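Any read-out appearing in this document is the output of simple, stated calculations on the displayed coordinates, not a laboratory observation. In this text the structure is predicted, and so the values were computed from the model without any measurement. Every residue, glycine among them, receives a Cβ derived from its backbone with ideal geometry; neighbour counts consider all protein chains shown.
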Amino acid sequence: MVEISGHTGLVELLGSPVEHSLSPAIHNCSFGELGIDAVYLVAEATPETVGDAIAGARALGLWGLNVTMPCKNAVIEHLDGLSPAAEIMGAVNTIAVEDGKLIGHNTDGDGLLRSVAEAGFDVVGKKMTVIGAGGAGSAVFTQAAVDGVGQISVFNARDEFYDATEERIRDLASRTGADVKLYDLADTEVLAREISESLVVVDATRVGMAPLDDQSNVQAEWLH
């Protein structure tokens, strides 16, 4: 049982939806095991309200925050600075308080690539397909480019952010020398081809989460 005192710190997860998140169970258990006097809660925030949430975090003196969909990009303008990885990715999932300033970090890509390696898959020099170029997706393909994945095929809906994503991918390729290409998610023939040639496929879209939990961007026959 967590003991709350006047010294207990507060850490929060911002995003929407967040009521399904396992983060409170994971982090509160970790705090208990490590003897950290803090509690971890979740709070609903959207791109339109995340600025107010960050202002509230400053006013209340939160120890730190995590950020999930759909706020990973929108939160950036409300922070005092970014880590190099977060700046390249254009997305934040962790906010640390450093010398009184809120600094955005991104651990999504590194965590995923590490888990792939621990599962026994060496992706260096190989091909990967990433579906979705939002906060989580951009973190994955950026880290993959930095880590030396041979080819990275990124698929995204041709929405109002498509041109900006294409420009960001060109910049990433220029900075890292990686072979990264962006495709329209609606082109299922190309999607099927790229997935069939890939060692790893990552779906970083909302598909699979409620209310889209009965849908998939990937057909079983495309996999090997």
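Considering only DSSP beta bridges whose two residues both sit in the chain, what percent are antiparallel, to the nearest 5? List each step's numbers first, then the result.
Values: 9 of 37 bridges.
The answer is about 25 percent antiparallel.
Please identify every one of the GluC sites (Glu not before Pro) in region 1-88 that sits in a loop by DSSP and has no more than 16 other beta carbons within 10 Å of its own beta carbon.
Working: sites: GLU3, GLU12, GLU19, GLU33, GLU44, GLU48, GLU77, GLU87; in loops: GLU3, GLU19, GLU48.
Counting only loop positions with at most 16 other Cβ atoms within 10 Å, the GluC sites (Glu not before Pro) in region 1-88 are GLU3, GLU19, GLU48.
Can you check what the net charge comes to around ALA173, using other residues whose Cβ is under 9 Å from the Cβ of ALA173 (Lys, Arg +1; Asp, Glu -1)? Let's see the in-between values first.
Details: positive: ARG170, ARG175, LYS181; negative: ASP171, ASP179.
Here the count lands on +1.
Take MET69, MET89, MET209, MET128 and order them by how many other Cβ atoms sit within 10 Å, fewest up front. Walk me through the numbers before you get to the answer.
Values: MET69 20, MET89 31, MET209 12, MET128 25.
Ordered from fewest to most neighbouring Cβ atoms within 10 Å, MET69, MET89, MET209, MET128 come out as MET209, MET69, MET128, MET89.
Post the alpha-carbon centroid distance, region 134-148 to region 153-224, in whole angstrom.
Comparing the Cα centres of region 134-148 and region 153-224, I get a distance of 12 Å.
Going by C-beta contacts inside 10 Å, put LEU79, LEU14 in order with the fewest on the left. List each step's numbers first, then the result.
On the way: LEU79 16, LEU14 23.
Neighbour counts put them in this order, fewest first: LEU79, LEU14.
Obtain the nm distance between the two label points defined at GLU166 and GLU221 by a simple spin-label model: each point lies 7 Å from its Cα along the Cα-to-C-beta direction.
3.1 nm
Return LYS127, LYS181 ranked ascending by Cβ neighbour count within 10 Å, so the fewest neighbours appear first. Mind dumping the intermediate values first?
Working: LYS127 18, LYS181 15.
Sorted ascending by nearby Cβ count, the order is LYS181, LYS127.
Report relative contact order for the chain in percent, whole number only (criteria: Cα-Cα under 8 Å, sequence separation at least 6).
Numbers: 384 pairs, mean separation 31.7, N = 224.
Normalised by residue count, the contact order of the chain is 14 percent.
Against the longest alpha carbon principal axis of the chain, how many degrees, from 0 to 90 and to the nearest 10, is the axis of helix 108-118 turned?
On a 0 to 90 degree scale, this one is about 70.
Determine the calculated [θ] at 222 nm for the chain from helices alone, applying -39500 (n - 2.57) to every DSSP H run no shorter than 4 residues and normalising by the residue count; nearest 500 deg cm²/dmol. Working shown, then result.
Numbers: 7 runs with 77 residues, N = 224.
Here the helix-only value at 222 nm equals -10500 deg cm²/dmol.
If the reach is capped at under 14 angstrom between alpha carbons, list the aspartates and glutamates near LYS101, excluding any in the same chain fewer than eight residues apart.
GLU77, ASP80
Given C-alpha coordinates of region 16-121, what is the ratio Rg to Rh with the Kirkwood estimate of Rh?
Values: Rg = 14.4 Å, Rh = 14.8 Å.
So for region 16-121, dividing Rg by the Kirkwood Rh gives 0.97.
Treating cross-link reach as a plain straight distance, find the lysines whose alpha-carbon is under 30 Å from the alpha-carbon of LYS127, omitting any fewer than eight places away in the same chain.
Output for LYS127: LYS72, LYS181.
Mind checking the full-extension length gain between ILE26 and ARG206? Use 0.36 nm per residue of separation minus the Cα-Cα distance, one decimal, nm. The partial results should precede the final answer.
Values: separation 180, 0.36 × 180 = 64.80 nm, distance 2.21 nm.
Length difference between fully extended and current span is 62.6 nm.
To the nearest Å, what is the center-to-center distance of region 107-133 and region 12-73, using C-alpha atoms only?
So the two Cα centres are separated by 25 Å.
If you build a Gaussian network model of the chain, linking Cα atoms that sit under 10 Å apart, which residue out of SER16, SER198, SER30 swings the most?
Judging by the Gaussian network model, the answer is SER30.
Give me the distance in nm between label points sitting 7 Å out from Cα along the Cα-to-Cβ direction at ALA117 and GLU87, one decimal.
2.4 nm
What FRET efficiency comes out for SER174 versus SER5 if R0 is 45 angstrom and r is the Cβ-Cβ distance? Round to the nearest 0.05. Let's see the in-between values first.
On the way: r = 52 Å, r/R0 = 1.15.
FRET efficiency, SER174 to SER5: 0.30.
With viscosity set to 1.306 mPa s and temperature to 10 °C, compute the Stokes-Einstein D of the chain, Rh being the Kirkwood radius across alpha carbon pairs; µm²/s, no decimals.
85 µm²/s
Antiparallel as a % of all DSSP beta bridges within region 9-106, to the nearest 5?
About 40 percent, rounded to the nearest 5.
Hey, in the GNM for the chain with a 10 angstrom Cα cutoff, which one of ALA136, ALA186, ALA144 fluctuates hardest?
So, out of ALA136, ALA186, ALA144, the one fluctuating most is ALA186.
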